[in-house]
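Engineer: Just passing along the structure, written as structure tokens.
The values are calculated or read from the model by the stated rules, or taken from the named source; none is laboratory data. Since we're looking at a predicted model, the values are computed, not measured. Cβ sites come from the backbone with ideal geometry, for glycine too, and all protein chains shown count toward neighbours.
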Amino acid sequence: MPTFQIKEESTVYDAIVVGSGAGGGMAGYILANAGLKVLMLEAGPFFDPAKDALQLRWPWESPRRGASTTRPFGDFDAAFGGWQIEGEPYSVEKGTEFEWFRARMLGGRTNHWGRISLRMGPDDFKPKDAITDEWPITYDEVKPFYDRVDRMIGIYGTVENLHNEPDGIFLKPPKPRLNEHYIMRGAKKSGVTIIPGRGSVLTEALPGNKDRGTCFYCGQCGRSCKVYGDFSSSSCLVIPAMKTGNLTVIDNAMVREVLSNEEGLATGVSYVNTKDMKEYAVKGKTIILGASACESARLMLNSKSKSHPGGIGNSSGLVGKYLHDSTGASISGFLPQLMDRTRYNEDGVGSVHIYSPWWLGDKKLDFARGYHIEYGGGMHMPSYGTFHGIQNYNHLAPRTDGLPQEAGGYGAALKKDYYRFYGSRVGMAGRGTAIARKENYCEIDPNRVDKFGIPVLKFNYKWSNEEIKQAKHMIDTFQEIMHNMGAVITSNIPGEEQLYGLEAPGKIIHEGGTTRMGNDPKTSVLNKWGQAHDCKNLYVVDAGPFVQQGDKNLTWTILALSMRTAEYILQEKNKLNS
Amino acid sequence: MNRRDSLKALGLIAAGSAAILTTDSCDSPSKNATATTEGDRLPGIQDYEYERTQKLLSEKYFDEHEMATIAVLADLILPKDENSPSATEVGVPDFIEFIVKDIPSHQLPMRGGLKWLDIYAQKKFGNTFIELKVENQTSILDEIAYPSKAKPEVSQGVSFFNLMRDLTSSGYFTTKEGIAYLGYVGNRPGVWNGVPEEVLKAHGFDEV
């Protein structure tokens, strides 16, 4: 008969970090560099972009030519995981929807993200409209940490002096592509601001850093970078922190519970090795959760004890509540002016070259807050699906070669059309503020466990009119910009019954708010340092602590706040020692 | 680390090399990458992905007649011309055989569509599609390849042909030859300094 045994390690670490993405990676980096003995647990395998990136591979090197069969963003994308993971289900309450993306690998989702690195602004931390709760901290308190993240990791951009789109310490931005010149022209006519993008890609050597290479413009950040020319937590934080000798990483370690003692303090965590299914327990003086907003909430809710009957850190009952993603909607088409265009290499960087920060400020509209616009198109490397559906648009551009002007087709005329249309596509997508609501939440499903026997999450999420009307504004604006740049729209224009193309919650992969911070232990899970109100040595450093995200992609704020929390942990330790 | 060191780290230039990388380099970058054929395992591929691919490669979906029909259709869709090879010359049928195993939702529409085509060919010209003269084959395609003018009674044929056209395009333009035909010249280290000046001018933009 097999025996069930939990292997307990005798080492007591100064800190245990759960998760190795932006939040976990930054906390591990700061603490290990300060001399603490840190253990990091990652649910997926070790991943080093230098060895494991599929950068510079050609489509024919994939038998499915880059199709997204096993990886949601294509066969060469860096993310291991996706919205569905074999043996790791989640539930969704009837009549609601949520799509939960998980990357199981060292560095988590930072290996494949878009590197769009925006700061939240003063009004995002302290909203003027009182529709959502204030953060317990101001932009000015976070600014020094944003500045340090800029210097440490590197970001390109331009100083613009926009009130709620704070400037950083920037490397030079990449110049616009040809389609982006047309977009800028169209947006200008529409009164929509466009500025150079802000991305964590090293367009110049990063001062003081000898370990990271400079961007060589392959445009493939999503595959992760072999020379560490962009920000991944694996390449820029975890691997450098391991070199200090103070950070131990255990991969394939799925954390089951945060363990606590009679006084309610955290004492360590238990985990299962996903390869051999053996059980382990490790001890730590401080426990830091950076497993992602929903995964950290799940872990807290699953960590029940006598002193924490509702789950560790959950005496407010708010763990899992206030879940919010960004809104998203998009349209696409082609620029007839770019048909048969001159060929040259315009791969550029893998993040955005240009974007539109929210340009209407606090102007009264029929929805709250706003969104930014990201733009796409150009002569990218062909992949599975690049030309699918050509019969929907190849009749929309006049041809002068005497061949039949018809939708679809075959033979010489069609072959020519593929050439003519290549590189003429153009598109735009909005990413906006979705309101954090108590009624949108994740909880533990009472009836389901994953393959490790860990109770799974159940999601309850509904969009409200604020988000739906915002999506309508996006679609209207995009059509106007497309018109003003002379583009032909080929995507269907979604109407009210399709919620104006508003993507399902979770699809934008910006979920946060599940362990929100605040000054009142009754209305928040964490204090303003990311420390659990009811468990002094438990911290959360992912997007869980966000009270309300702006329309700004959240990674840069996760990094700044995690750095701030890690330094608070160091200060607290020093106080105890002095 | 500067860009030159980045490229050294990638193994793309030898230490001390005087080669200057430009965006319009004609050197084939593929010679620097490890040559691969379908089935070789790349680094960074997960165990389950590799095992799944191997399993799919060992299976067979289409029978000989179906494969022969796919080949004829693929070459009618993307024929050889003076500058570029035909679909079968770059292995499009083999790609289609793989992709329907990889994306099983394509299987029934492809198999059923091929059968639809043969039945239609039989009715109209008394033989299976591949046995017809080219002018009879193209007369059928003329009925199903142009969705906006196709008759309602061949609408299933139109749907099948849309899928066949899509898969042929994916199989073709993801090969070395297909990419050369399109004129994509990226996926190699370089420097992006913006749109070439003469192109900007030609499009009426004065900024550089």
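Engineer: For the range A:103-110, state whether one or more residues are of a type in the set (S, T, N, Q), surrounded by 23 or more Cβ atoms within 10 Å (Cβ to Cβ), in contact (Cβ under 8 Å) with a residue 24 or more places away in the chain and within 14 Å of another protein chain (Cβ to nearest Cβ).
Structural biologist: Our first condition is that a residue be of a type in the set (S, T, N, Q); within the range A:103-110, this holds for A:110.
Those still in the list that are surrounded by 23 or more Cβ atoms within 10 Å (Cβ to Cβ) too: A:110.
Among the residues that remain, those that are also in contact (Cβ under 8 Å) with a residue 24 or more places away in the chain are: A:110.
Right, trim to within 14 Å of another protein chain (Cβ to nearest Cβ) and you get none.
No, the range A:103-110 has no match at all.
Engineer: Among the residues of the range B:74-131, what is the count of those that are touching a residue at least 60 places away in the same chain (Cβ under 8 Å) and of a type in the set (F, W, Y)?
Structural biologist: 3
Engineer: Right, next: Only residues that are at the interface with another protein chain (Cβ under 7 Å from one of its Cβ atoms) and free of Cβ contacts under 8 Å to residues at least 60 places away in the same chain: list them for the range B:175-199, please.
Structural biologist: B:I179, B:L182, B:G183, B:Y184, B:G186, B:G194, B:V195, B:P196, B:V199
Engineer: Another question about this same structure. Just to check your reading of the model, which residue among B:K115, B:K123 is assigned to a helix (DSSP H, G or I), more than 16 Å from B:A68 (Cβ to Cβ), more than 11 Å from chain A (Cβ to nearest Cβ) and out of contact with any His (no Cβ under 6 Å at 6 or more places or on another chain)? Before the answer, list the steps.
Structural biologist: Values: B:K115 fails: more than 16 Å from B:A68 (Cβ to Cβ).
Step by step, each of B:K115, B:K123 is checked, and only B:K123 is assigned to a helix (DSSP H, G or I), more than 16 Å from B:A68 (Cβ to Cβ), more than 11 Å from chain A (Cβ to nearest Cβ) and out of contact with any His (no Cβ under 6 Å at 6 or more places or on another chain).
Engineer: Which residues, taken from the range B:78-103, are more than 10 Å from chain A (Cβ to nearest Cβ) and either part of a helix (DSSP H, G or I) or in contact with a strand residue (DSSP E or B) (Cβ under 9 Å, 6 or more places away or on another chain) (or both)?
Structural biologist: Those that are more than 10 Å from chain A (Cβ to nearest Cβ) and either part of a helix (DSSP H, G or I) or in contact with a strand residue (DSSP E or B) (Cβ under 9 Å, 6 or more places away or on another chain) (or both): B:T88, B:E89, B:V92, B:P93, B:I96, B:E97, B:V100.
Engineer: From the list A:D417, A:D340, A:D401, which residue is within 14 Å of chain B (Cβ to nearest Cβ) and outside any loop (DSSP other than H, G, I, E, B)?
Structural biologist: So the residue among A:D417, A:D340, A:D401 that is within 14 Å of chain B (Cβ to nearest Cβ) and outside any loop (DSSP other than H, G, I, E, B) is A:D417.
Engineer: Then there's this: Can you say whether B:E153 is assigned to a helix (DSSP H, G or I) and within 14 Å of another protein chain (Cβ to nearest Cβ), as far as the supplied structure shows? So that I can check it myself, show each step before the final result.
Structural biologist: Working: assigned to a helix (DSSP H, G or I): yes; within 14 Å of another protein chain (Cβ to nearest Cβ): no.
Spelling it out, it is not the case that B:E153 is assigned to a helix (DSSP H, G or I) and within 14 Å of another protein chain (Cβ to nearest Cβ).
Engineer: For the range A:48-61, give me each residue that is part of a loop (DSSP other than H, G, I, E, B) and at the interface with chain B (Cβ under 8 Å from one of its Cβ atoms). Show your work before the answer.
Structural biologist: Within the range A:48-61, the subset part of a loop (DSSP other than H, G, I, E, B) is A:48, A:53-58.
Once the filter is applied, which keeps residues that are part of a loop (DSSP other than H, G, I, E, B) and at the interface with chain B (Cβ under 8 Å from one of its Cβ atoms), the range A:48-61 yields A:A53, A:L54, A:L56, A:R57, A:W58.
Engineer: Return the residue satisfying two criteria in turn: it lies in the range A:352-387 and is at positive phi and either charged (D, E, K, R) or part of a loop (DSSP other than H, G, I, E, B) (or both), and of such residues it is surrounded by the most Cβ atoms within 10 Å (Cβ to Cβ). Talk me through it step by step, then tell me what you get.
Structural biologist: At the first step, the residues of the range A:352-387 found to be at positive phi are A:361, A:369, A:377-378, A:385.
Among the residues that remain, those that are also either charged (D, E, K, R) or part of a loop (DSSP other than H, G, I, E, B) (or both) are: A:361, A:369, A:378, A:385.
Numbers: A:G361: 11, A:R369: 25, A:G378: 21, A:G385: 17.
Of everything passing the filter in the range A:352-387, A:R369 is surrounded by the most Cβ atoms within 10 Å (Cβ to Cβ).
Engineer: Name the single residue, out of those in the range B:159-177 being buried (at least 21 other Cβ atoms within 10 Å of the Cβ) and of a type in the set (A, V, I, L, M), that is farthest from A:W60 (Cα to Cα).
Structural biologist: The qualifying residue farthest from A:W60 (Cα to Cα) is B:M164.
Engineer: Let me ask something additional. Does A:V449 count as surrounded by fewer than 21 Cβ atoms within 10 Å (Cβ to Cβ), in contact with a strand residue (DSSP E or B) (Cβ under 6 Å, 6 or more places away or on another chain) and free of Cβ contacts under 8 Å to residues at least 12 places away in the same chain?
Structural biologist: Values: surrounded by fewer than 21 Cβ atoms within 10 Å (Cβ to Cβ): yes; in contact with a strand residue (DSSP E or B) (Cβ under 6 Å, 6 or more places away or on another chain): yes; free of Cβ contacts under 8 Å to residues at least 12 places away in the same chain: yes.
Answer is yes for this residue.
Engineer: Which one is modelled with the lowest pLDDT among residues in the range A:370-398 that are more than 9 Å from chain B (Cβ to nearest Cβ) and out of contact with any Asp or Glu (no Cβ under 7 Å at 6 or more places or on another chain)? It would help to see each step written out before you state the result.
Structural biologist: Initial filter on the range A:370-398 (more than 9 Å from chain B (Cβ to nearest Cβ)): A:370-378, A:393-394, A:396-398.
Restricting the remaining residues to those that are out of contact with any Asp or Glu (no Cβ under 7 Å at 6 or more places or on another chain) gives A:373-374, A:376-377, A:393, A:396-398.
On the way: A:I373: 98, A:E374: 98, A:G376: 97, A:G377: 97, A:Y393: 96, A:L396: 94, A:A397: 90, A:P398: 84.
Top of the filtered list is A:P398.
Engineer: Could you grab the pairs with beta carbons closer than 7 Å, sequence gap of 6+ or different chains, first residue in the range A:204-221 and more than 7 Å from chain B (Cβ to nearest Cβ) and buried (at least 23 other Cβ atoms within 10 Å of the Cβ), second one assigned to a loop (DSSP other than H, G, I, E, B) and of a type in the set (K, R)?
Structural biologist: Once the first residue is more than 7 Å from chain B (Cβ to nearest Cβ) and buried (at least 23 other Cβ atoms within 10 Å of the Cβ) and sits in the range A:204-221, its partners that are assigned to a loop (DSSP other than H, G, I, E, B) and of a type in the set (K, R) give A:C221/A:R115.
Engineer: Looking at A:G544 and the list (1) closer than 29 Å to A:S260 by Cβ; (2) out of contact with any helix residue (DSSP H, G or I) (no Cβ under 7 Å at 6 or more places or on another chain), which single condition is not satisfied?
Structural biologist: (2)
Engineer: I would also like to ask the following. When you scan the range A:263-281, do you find a residue that is buried (at least 23 other Cβ atoms within 10 Å of the Cβ), out of contact with any helix residue (DSSP H, G or I) (no Cβ under 6 Å at 6 or more places or on another chain) and part of a loop (DSSP other than H, G, I, E, B), even just one?
Structural biologist: Checked against the condition, which is being buried (at least 23 other Cβ atoms within 10 Å of the Cβ), out of contact with any helix residue (DSSP H, G or I) (no Cβ under 6 Å at 6 or more places or on another chain) and part of a loop (DSSP other than H, G, I, E, B), the range A:263-281 yields no hits at all.
Engineer: Would you please list the contacts, defined by Cβ atoms under 7 Å and residues six or more apart or on different chains, that run from a residue in the range A:271-293 that is closer than 26 Å to A:L559 by Cα to a residue that is polar (S, T, N, Q) and in a loop (DSSP other than H, G, I, E, B)?
Structural biologist: Matching pairs, first to second residue: A:A293/A:T514.
Engineer: Which members of the range A:31-75 meet the condition of being β-branched (V, I, T) and in contact (Cβ under 8 Å) with a residue 24 or more places away in the chain? Spell out the reasoning first.
Structural biologist: Filtering the range A:31-75 down to residues β-branched (V, I, T) leaves A:38, A:69-70.
Result: A:V38, single match.
Engineer: With respect to B:T168, determine if the residue is touching a residue at least 12 places away in the same chain (Cβ under 8 Å), under 30 Å from B:E89 (Cβ atoms) and at the interface with chain A (Cβ under 7 Å from one of its Cβ atoms). Before you say what the answer is, go through the steps one by one.
Structural biologist: On the way: touching a residue at least 12 places away in the same chain (Cβ under 8 Å): yes; under 30 Å from B:E89 (Cβ atoms): yes; at the interface with chain A (Cβ under 7 Å from one of its Cβ atoms): no.
So B:T168 fails the test.
One line per residue, one yes/no per condition, for (1) within 14 Å of chain B (Cβ to nearest Cβ); (2) under 16 Å from the mean Cα position of the chain (by Cα); (3) over 28 Å from A:V349 (Cβ atoms):
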position: A:L39; (1), (2), (3): no, no, yes
position: A:P45; (1), (2), (3): yes, no, no
position: A:F101; (1), (2), (3): no, yes, no
position: A:M120; (1), (2), (3): no, yes, no
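Engineer: Can you find even one residue in the range A:87-99 that is within 14 Å of chain B (Cβ to nearest Cβ) and surrounded by fewer than 24 Cβ atoms within 10 Å (Cβ to Cβ)? Can you show your working first?
Structural biologist: Here is the first cut: in the range A:87-99, the ones within 14 Å of chain B (Cβ to nearest Cβ) are A:87-88.
Narrowing the set further to residues that are surrounded by fewer than 24 Cβ atoms within 10 Å (Cβ to Cβ) leaves A:87-88.
Among the residues of the range A:87-99, at least one is within 14 Å of chain B (Cβ to nearest Cβ) and surrounded by fewer than 24 Cβ atoms within 10 Å (Cβ to Cβ), which makes the answer yes.
Engineer: Further question: Find the residue count for the range A:148-193, including only residues that are assigned to a loop (DSSP other than H, G, I, E, B), closer than 19 Å to A:H372 by Cβ and either of a type in the set (A, V, I, L, M) or away from every other protein chain (no Cβ under 13 Å) (or both).
Structural biologist: Applying the first criterion (assigned to a loop (DSSP other than H, G, I, E, B)) to the range A:148-193 yields A:154-155, A:157-161, A:163-164, A:166-170, A:172-177, A:191-193.
In the following step, the residues that additionally are closer than 19 Å to A:H372 by Cβ were identified as A:155, A:157-161, A:163-164, A:166-168, A:170, A:173-174, A:176-177, A:191-193.
Going one step further and asking which of them are either of a type in the set (A, V, I, L, M) or away from every other protein chain (no Cβ under 13 Å) (or both), we end up with A:155, A:157-161, A:163-164, A:166-168, A:170, A:191-193.
Residues flagged as assigned to a loop (DSSP other than H, G, I, E, B), closer than 19 Å to A:H372 by Cβ and either of a type in the set (A, V, I, L, M) or away from every other protein chain (no Cβ under 13 Å) (or both) within the range A:148-193 amount to 15.
Engineer: Filter the range A:282-337 down to the residues that are hydroxyl-bearing (S, T, Y), closer than 30 Å to A:K37 by Cα and outside any loop (DSSP other than H, G, I, E, B) and list them by number.
Structural biologist: Correct list: A:T286, A:S296.
Engineer: Sticking with this one: Is one or more of the residues making up the range B:90-107 modelled with pLDDT under 95, in contact with a helix residue (DSSP H, G or I) (Cβ under 8 Å, 6 or more places away or on another chain) and at negative phi? Walk me through it before giving the result.
Structural biologist: Residues of the range B:90-107 that are modelled with pLDDT under 95, as a first pass: none.
There is no residue in the range B:90-107 that is modelled with pLDDT under 95, in contact with a helix residue (DSSP H, G or I) (Cβ under 8 Å, 6 or more places away or on another chain) and at negative phi.
Engineer: Ok, one more. Would you say A:S296 is within 30 Å of A:E572 (Cα to Cα), free of Cβ contacts under 8 Å to residues at least 60 places away in the same chain and surrounded by 20 or more Cβ atoms within 10 Å (Cβ to Cβ)? Give the derivation first.
Structural biologist: Numbers: within 30 Å of A:E572 (Cα to Cα): yes; free of Cβ contacts under 8 Å to residues at least 60 places away in the same chain: no; surrounded by 20 or more Cβ atoms within 10 Å (Cβ to Cβ): yes.
Against the criterion (within 30 Å of A:E572 (Cα to Cα), free of Cβ contacts under 8 Å to residues at least 60 places away in the same chain and surrounded by 20 or more Cβ atoms within 10 Å (Cβ to Cβ)), A:S296 does not qualify.
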